[in-house]
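Student: Questions regarding the structure given below will be posed in turn.
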Amino acid sequence: MIDVIEYTKLYGDTVAVQSLSFRVAPGDVLGLVGPNGAGKTTTLRALAGILQPTSGSIRIADIDLQTDPVAAKSRLAFIPDEPQLFDYLTVTEHLQFVARLYGVRDAAPRIPVLLEELELTAKKDALPTELSRGMKQKLAIACGLLHQPSALLLDEPLTGLDPVGIRRMKETIAARAREGAAVILSSHLLHLVEELCTRLLVIRKGQAVALGTIAEIVESRPDLAGRSLEEMFISLTGDDTVS
Ligand SMILES: Nc1ncnc2c1ncn2[C@@H]1O[C@H](COP(=O)(O)OP(=O)(O)OP(=O)(O)O)[C@@H](O)[C@H]1O
């Protein structure tokens, strides 16, 4: 479960996110969408405990991220759009290191299964410099999944993946939701969002302009009925939505 209550983040005078409140239940995949600069990355970094809120609070699996950050962070995984890897650790060593950090007891049998799921078995002894962009992305995701997080935060997870990799990544994300993770996925790829997400949060200029299933959003905005998600996005994030 992910709970965001009146979250606000200012960078100096810039309001990046304003009074954002939403909940992601176990098994839900929330699509976080909005134009460039809308506040998506700021929101994900806040949920990962990297950015302190200016005001408001965030709870991960019912644990307050500000008052008990270590416990809350141990229940989540944040996979940023640019994979952050260690230059001198191989693929397998990355996973072994993460297993130690998170105290994963059954890492030894789980690592080969994850490597296979993410098509990295052949590269298990490779260093990051020997991996393609897509392989680095897959390794970052494998590291995030190893401790079976209750909350999974993904920023543009398909960047750099080939068509087979994209299909497998979608299956990987959907499988984690089926197993009970609360997933937030930020992407500009609206077809991915439409396929994978059970609910949408559309933000613009740091404010929520729509939240719910597509049916719920259409119910509150009947003018959007029959429109494609792309048309809905353009209409919801257009200049007349937020003053
Ligand atoms: N470190 C920072 N210092 C100052 N302003 C920032 C900082 N990071 C982001 N911002 C500002 O906060 C706002 C939200 O940025 P954010 O990166 O969250 O947007 P985004 O929705 O992820 O955009 P994109 O789709 O382009 O990745 C923007 O106005 C941006 O310029």
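Student: Given Lys124, Lys170, Lys136, which one is of a type in the set (D, E, K, R), in contact with a Leu (Cβ under 7 Å, 6 or more places away or on another chain) and modelled with pLDDT of 95 or more?
Tutor: On the way: Lys170 fails: modelled with pLDDT of 95 or more; Lys136 fails: modelled with pLDDT of 95 or more.
None of the others qualify; the one that does is Lys124.
Student: From the list Val113, Val98, pick out the single residue that is open to solvent by 60 Å² or more (accessible area, probe 1.4 Å) and either away from the ligand (no atom under 16 Å from the Cβ) or aromatic (Phe, Trp, Tyr) (or both). Lay out the reasoning, then the answer.
Tutor: Details: Val98 fails: open to solvent by 60 Å² or more (accessible area, probe 1.4 Å).
That would be Val113, the only listed residue that is open to solvent by 60 Å² or more (accessible area, probe 1.4 Å) and either away from the ligand (no atom under 16 Å from the Cβ) or aromatic (Phe, Trp, Tyr) (or both).
Student: Sticking with this structure for a sec: Residues Glu216, Glu130: which one is over 19 Å from the mean Cα position of the chain (by Cα), surrounded by fewer than 18 Cβ atoms within 10 Å (Cβ to Cβ), at pLDDT 90 or above and closer than 27 Å to Ile60 by Cα?
Tutor: Values: Glu130 fails: closer than 27 Å to Ile60 by Cα.
Result of the check over Glu216, Glu130: Glu216.
Student: Taking the stretch 1-24 as the search range and keeping residues that are of a type in the set (D, E, K, R) and under 15 Å from the mean Cα position of the chain (by Cα), which one is farthest from Thr237 (Cα to Cα)?
Tutor: Pass one, the stretch 1-24, residues of a type in the set (D, E, K, R): 3, 6, 9, 13, 23.
Now restrict to residues that are under 15 Å from the mean Cα position of the chain (by Cα): 3, 23.
Numbers: Asp3: 24, Arg23: 21 Å.
That would be Asp3.
Student: Residues being at negative phi and surrounded by 18 or more Cβ atoms within 10 Å (Cβ to Cβ): count how many of those fall in the stretch 52-73.
Tutor: Restricting attention to the stretch 52-73, the residues satisfying the condition of being at negative phi are 52-55, 57-60, 63-73.
Right, trim to surrounded by 18 or more Cβ atoms within 10 Å (Cβ to Cβ) and you get 53, 58-60, 63, 65, 72-73.
Qualifying residue count for the region: 8.
Student: Could you please find all residues in the stretch 115-160 being farther than 20 Å from Val33 by Cα and among the β-branched types (Val, Ile, Thr)?
Tutor: From the stretch 115-160, those farther than 20 Å from Val33 by Cα are 115-150; that's our starting set.
Across the stretch 115-160, the qualifying residues are Thr121, Thr129, Ile141.
Student: Next question, about the same structure. Hey, among Glu93, Glu82, which residue is of a type outside the set (Val, Ile, Thr), over 18 Å from the mean Cα position of the chain (by Cα) and not in a strand (DSSP E or B)? Show your work before the answer.
Tutor: Values: Glu82 fails: over 18 Å from the mean Cα position of the chain (by Cα).
The unique qualifying residue is Glu93.
Student: Still on this structure: Any residue that is open to solvent by 70 Å² or more (accessible area, probe 1.4 Å), away from the ligand (no atom under 11 Å from the Cβ), over 15 Å from the mean Cα position of the chain (by Cα) and modelled with pLDDT under 95 - is there at least one of those in the stretch 25-37?
Tutor: The first filter runs over the stretch 25-37 and keeps only residues open to solvent by 70 Å² or more (accessible area, probe 1.4 Å), leaving 26, 36-37.
If we keep only those that are away from the ligand (no atom under 11 Å from the Cβ) too, we end up with 26.
Okay, now just the ones that are also over 15 Å from the mean Cα position of the chain (by Cα), so none.
No, the stretch 25-37 has no match at all.
Student: How many of the residues in the stretch 1-24 are within 24 Å of Arg176 (Cα to Cα), within 15 Å of the ligand (Cβ to nearest atom) and surrounded by fewer than 19 Cβ atoms within 10 Å (Cβ to Cβ)?
Tutor: Within the stretch 1-24, the first condition is being within 24 Å of Arg176 (Cα to Cα), and the residues that meet it are 1-4, 21-24.
Filter again for within 15 Å of the ligand (Cβ to nearest atom), leaving 4.
Restricting the remaining residues to those that are surrounded by fewer than 19 Cβ atoms within 10 Å (Cβ to Cβ) gives none.
Counting residues in the stretch 1-24 that are within 24 Å of Arg176 (Cα to Cα), within 15 Å of the ligand (Cβ to nearest atom) and surrounded by fewer than 19 Cβ atoms within 10 Å (Cβ to Cβ) gives 0.
Student: Same structure, new question: Within the stretch 177-194, is even one residue open to solvent by less than 10 Å² (accessible area, probe 1.4 Å) and in contact with a Cys (Cβ under 8 Å, 6 or more places away or on another chain)?
Tutor: Checked against the condition, which is being open to solvent by less than 10 Å² (accessible area, probe 1.4 Å) and in contact with a Cys (Cβ under 8 Å, 6 or more places away or on another chain), the stretch 177-194 yields at least one hit.
The values are calculated or read from the model by the stated rules, or taken from the named source; none is laboratory data. Note that this is a predicted model, so its numbers are computed, not measured. Cβ: placed from backbone, ideal geometry, glycine included. Neighbour counts: every protein chain shown. Side chains included, ligands, DNA and RNA excluded: accessible areas come from the protein's heavy atoms. Shrake-Rupley method; radii C 1.70, N 1.55, O 1.52, S 1.80 Å.
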